Amino acid sequence: SPGMHGGAMNATQVSSDQAKTIAQKYVDEQLKGYTIEKVVPSTGMPRTMYTVELKGPKGESKTLHISPFGHVMPFPVPLRHG
């Protein structure tokens, strides 16, 4: 049926599952020892972003943000002076 062709990759909104997969890949590469606690959609905007809560090997907490298009944005962003 029309509209059921799986969608082109241009500007498609990532799902919660996709956001988790993206976050897991990032954690595996950048944050060894961390595990994903939960993926929280941030609604109220035209597109959904995701906040990913991580737990570290010593119980420390870290948060990642996944953009609506699947880009990982580590948070907080370090401020660059100068």
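The values are calculated or read from the model by the stated rules, or taken from the named source; none is laboratory data. What you are looking at is a predicted structure, and each value in this text was computed from that prediction instead of being measured. Heads up, the Cβs are rebuilt from the backbone with ideal geometry, glycines too, and the neighbour counts pull from every protein chain shown. Each accessible area value is taken on the protein alone, full model and side chains, heavy atoms only, with ligands, DNA and RNA left out. Shrake-Rupley method; radii C 1.70, N 1.55, O 1.52, S 1.80 Å.
Rounded to the nearest 0.05, what FRET efficiency do T63 and T12 give with R0 = 22 Å and r taken as the Cβ-Cβ distance? Could you check?
On the way: r = 24 Å, r/R0 = 1.10.
The calculated FRET efficiency here is 0.35.
Ignoring ligands, DNA and RNA, how do D17, D28 rank by accessible area with a 1.4 Å probe, largest first? The partial results should precede the final answer.
On the way: D17 115, D28 85 Å².
In descending accessible area the options line up as D17, D28.
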Could you give the nm distance between label points at E53 and D28, where each point is 7 Å from its Cα heading toward the beta carbon? 2.5 nm
